[in-house]
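Visitor: Okay, handing you the structure first.
The values are calculated or read from the model by the stated rules, or taken from the named source; none is laboratory data. The model shown is predicted, which means the values in this text are computed figures rather than measured ones. Neighbour counts run over all protein chains shown; Cβ positions are idealised from the backbone, glycine included.
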């Protein structure tokens, strides 16, 4: 997934690569506030404009989002095609772990096998790719909070905006709230303050 637009209210629109069947996955996400662990989200599949996993957005907002998607369809198609043509390098693998050599698949399969809630698969799949490549992690119980902070630091260094990183933190907090049994007993929910402390400890000038 690649972020394309961010509205004034913090709503983020991202699109996938062009899938072999000609479909494109478009996601919209909006963090409610800095202290809410939940995130509004919805997925639109192109070219049929089929909506699913709608959480927090009203029917009026979805209609407006679809109108906007139609108005920028050329940019979406261009981005999706470009992502498909890129070499399967490390950052490309972050976009879709099921496309590039199975990186992160073991961890994602463990995630799906033991969870009880739903949603936030994109955020967790990117984490799965990073943890597999960098630490060889294959199960959710191997993940520590510091691993998440390391991954988010990487995204910040790649140019991801603070609002996007906050939405990642909210997603991981919500996953933990739904399914604490996914993680080990020493796992602590990530936070904005915790990430900023990690960034300071690792001599990074970036803060969110």
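Visitor: Output the residue which, of all residues in segment 118-161 that are crowded, with 22+ Cβ neighbours inside 10 Å and more than 15 Å from the chain's Cα centre (by Cα), is modelled with the highest pLDDT.
Guide: 143
Visitor: From 81, 99, grab the single residue that is under 21 Å from residue 4 (Cβ atoms), modelled with pLDDT of 70 or more and out of contact with any strand residue (DSSP E or B) (no Cβ under 8 Å at 6 or more places or on another chain).
Guide: Criteria check complete, one pass: 81.
Visitor: Given the conditions (1) crowded, with 19+ Cβ neighbours inside 10 Å; (2) at pLDDT 90 or above, which single one is not true for residue 17?
Guide: Unmet for residue 17, out of (1) crowded, with 19+ Cβ neighbours inside 10 Å; (2) at pLDDT 90 or above: (2).
Visitor: Same structure, new question: Among the residues of segment 159-187, which ones are touching a residue at least 40 places away in the same chain (Cβ under 8 Å) and in a loop (DSSP other than H, G, I, E, B)?
Guide: Scanning segment 159-187 gives 160, 161, 179, 183, 184, 186, 187.
Visitor: Condition first: in a helix (DSSP H, G or I), in contact with a strand residue (DSSP E or B) (Cβ under 9 Å, 6 or more places away or on another chain) and not assigned by TED's automatic domain parsing to the domain that holds residue 6. Can you find one or more residues in segment 135-148 that meet it?
Guide: no
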